[in-house]
Amino acid sequence: MTSWWGSFPRLHAELAQLLLLSHAESTNDEAKALVSEAFSGVLTDNQSAGRGRLGRSWDSTPGQGVALSVTTPPVDSQLRSWLPLLVGAAVAQGLTSLGVLNARVKWPNDVLVDGGKIAGILCEVLPSGHVVIGLGLNVQFSSKAAPIPGARALEEMVPVSHELVDGLLGAVIGTVKSHW
């Protein structure tokens with residue numbers, strides 16, 4: 001398995017604060033402590049109690065994916081319902097710019113490539129009006145077999161490197177921020 005974990009300068013440039021964790025139970029829970037008027041984030045490649053829509057789990061075995069959670073400034077109530085789709089579209093656009101064909105958003109919060117899930121999004125609105133945007137992205141599978149049927153990993157389509165993952169995540173957050 002390729003080691004791609006390290007600092008994330010492109011992503012960090014988009015965020016007021018970026019906390020890199022070797023492990024998190026849930027990056028969304030960790031990000032709630034970073035709420036401010038600026039975008040801040042938490043990133044790990046080892047998440048043990050992540051959540052998806054409808055209470056589904058999203059775990060990241062070390063080195064196989066990333067879990068990124070970003071807190072936003074307060075969000076207008078009309079934009080909140082569109083955030084998962086906005087993030088999904090930014091992921092699909094970022095994948096397409098890397099040469100990944102057939103990346104598309106599956107309403108309301110998944111990104112698929114050729115019908116297989118490569119990313120999931122969970123947005124949580126806080127009482128303050130801030131939103132925690134959670135993004136899970138499959139990067140590479142250690143056994144070359146998907147951990148769940150239908151999952152896809154980035155390495156199946158492009159050579160994975162630290163710079164590529166950093167660039168993709170930075171571009172996604174940059175796109176989301178541009179709508180503020």
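The values are calculated or read from the model by the stated rules, or taken from the named source; none is laboratory data. If you're wondering where the values come from, they're calculated on a predicted model, not measured in any experiment. When we count neighbours, we look across all protein chains shown, and the Cβ atoms used for this are built from the backbone with ideal geometry, even at glycine. What goes into the accessible areas is simple: the full protein's heavy atoms, side chains included, and nothing from ligands, DNA or RNA. Shrake-Rupley method; radii C 1.70, N 1.55, O 1.52, S 1.80 Å.
Within segment 100-116, being surrounded by fewer than 18 Cβ atoms within 10 Å (Cβ to Cβ) and part of a loop (DSSP other than H, G, I, E, B) holds for Leu101, Asn102, Trp107, Pro108, Asp114, Gly115.
The set of residues in segment 117-126 being in contact (Cβ under 8 Å) with a residue 40 or more places away in the chain and open to solvent by less than 20 Å² (accessible area, probe 1.4 Å) consists of Gly120 alone.
Here Val91, Val42, Val35, Val111 are screened, and the one residue that is within 11 Å of the chain's Cα centre (by Cα) and touching a residue at least 60 places away in the same chain (Cβ under 8 Å) is Val91. Selection over segment 20-32 of residues that are under 14 Å from the mean Cα position of the chain (by Cα), open to solvent by 40 Å² or more (accessible area, probe 1.4 Å) and hydroxyl-bearing (Ser, Thr, Tyr) gives a count of 0. Please work out if Gly170 is touching a Cys at 6+ places or on another chain (Cβ under 8 Å) and at negative phi. Answer is no for this residue. For segment 27-43, what are the residues that are among the polar types (S, T, N, Q) and closer than 18 Å to Leu169 by Cβ? Correct list: Thr27, Asn28, Ser40. Pairs meeting the criteria (first residue in segment 59-82 and touching a residue at least 12 places away in the same chain (Cβ under 8 Å) and over 20 Å from Ala151 (Cβ atoms), second residue part of a strand (DSSP E or B) and open to solvent by 30 Å² or more (accessible area, probe 1.4 Å), beta carbons under 6 Å, at least 6 apart or on different chains) are Arg80/Val125.
Across segment 131-166, the qualifying residues are those that are assigned to a helix (DSSP H, G or I) and open to solvent by 20 Å² or more (accessible area, probe 1.4 Å), and the one among them that is nearest to Asn102 (Cα to Cα) is Glu156.
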